[in-house]
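The values are calculated or read from the model by the stated rules, or taken from the named source; none is laboratory data. If you're wondering where the values come from, they're calculated on a predicted model, not measured in any experiment. As a convention, Cβ positions derive from the backbone with ideal geometry for all residues, glycine included, and neighbour counts pool all protein chains shown. The accessibility values were calculated without ligands, DNA or RNA, using every heavy atom of the protein model including side chains. Shrake-Rupley method; radii C 1.70, N 1.55, O 1.52, S 1.80 Å.
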Amino acid sequence: MLNFLRYYKEKKLIGGDVRQDEKGRALIEIEIKDKSEVLSPFYAQDKETINNEFANFLDNFSKSFPPRQELHLSFNCPEVKPEDEEVFSRAVKNYYLNSTIEAERKLANNTKLILVMILFSLISLTALFLVHHFGAFWLIEEVFDIIAWVFVWEAVDSFDFQRSLLRYERQRNLSLYNSHISFNSETRATYEKSSV
């Protein structure tokens, strides 16, 4: 019991270390040493995206916040010029828009799987009832019993466990897509003065 209380207290401390901006969004300050490492070298239909390594960094960092938490991504990169800011913002938004669409597709497939498993569960439970009612050989009853409960368990697993993980993934991607993106202009001004 004491270990649980200690764990809860430590977890609360970790969650309480979040810096917030003036609008209550979780502030994530990101230092970028080389701006060429952020954008993907590939894009289609004039839609830039961030590269996978930078996306993995954002994904990993965003896991420390609740999925519905509003985020503020503050980029600190002296090399980023004002005309590049829109490109960087659009690249982050495009990446997480695609990720959100993929998560929506997974949820739709999960819904179809649940419906199919419920249908197979009903069919197999009906078959189990009929086999039991007509007094079939015990081995046949056991086989139908196992098949029926496998379909029931798969339906419960898809609905309860897999679906919650997919909803979490979708909400986290949506939170990153809707995040406020800003650039630290003070660092850029210092960089521009020193390069002149």
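A few points about this structure:
- The set of residues from the range 77-89 being within 13 Å of THR49 (Cβ to Cβ) and either buried (at least 18 other Cβ atoms within 10 Å of the Cβ) or of a type in the set (S, T, N, Q) (or both) comprises PHE88, SER89.
- Scanning the range 1-44 for residues that are modelled with pLDDT of 85 or more, over 21 Å from the mean Cα position of the chain (by Cα) and acidic (Asp, Glu) returns GLU22, GLU31.
- Matching entry among THR111, THR126 (being over 35 Å from the mean Cα position of the chain (by Cα), polar (S, T, N, Q), surrounded by fewer than 17 Cβ atoms within 10 Å (Cβ to Cβ) and farther than 30 Å from ILE32 by Cβ): THR126
- Beta carbons closer than 7 Å, at least 6 apart along the sequence or on distinct chains, pair a first residue in the range 137-158 that is small (Gly, Ala, Ser) with a second that is open to solvent by 70 Å² or more (accessible area, probe 1.4 Å) and in a helix (DSSP H, G or I) for ALA155/ILE118.
- Among residues that are closer than 26 Å to SER164 by Cα, surrounded by 18 or more Cβ atoms within 10 Å (Cβ to Cβ) and touching a residue at least 40 places away in the same chain (Cβ under 8 Å), ILE28 is included.
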